[in-house]
Amino acid sequence: MTMANIGDEIVFKNTVKGIVEKVNENSVIVVITSNPEDVEFLSDRTVVNHKNYKVVKQSQAVPEAIA
């Protein structure tokens, strides 16, 4: 399992794409950028467990150190 970093593009629920905004211990906070099947979300951000996404494009930025 590849863990995402801030700025990475991920895909989850098979078709929903987003950009990682924050990395937590067990999950990431994602800004939704593409939702072709109109999966219902309460806002433009959501939390996704590390087990439930795949990294499709890594950010070119250097990952921040976790304190």
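Rule-based calculations on the coordinates, nothing more; no lab input. Being a predicted model, the structure only gives us computed values, none of them experimental. Don't worry about glycine lacking a Cβ; one is built from the backbone with ideal geometry, like all the others, and counts go over all protein chains shown.
Neighbour counts of C-beta atoms inside 10 Å place Phe12, Phe41 in the sequence Phe41, Phe12, starting with the fewest. Debye calculation, C-alpha points only, no solvent: report log10 I(q)/I(0) for segment 9-57 at q = 0.13, 0.16, 0.20 Å⁻¹, in the same order as the q values. Evaluating at q = 0.13, 0.16, 0.20 Å⁻¹ gives log10 I(q)/I(0) of -0.24, -0.36, -0.57. The stretch between Ile32 and Asn52, if pulled fully straight at 0.36 nm per residue, gains 5.7 nm over its current Cα-Cα span.
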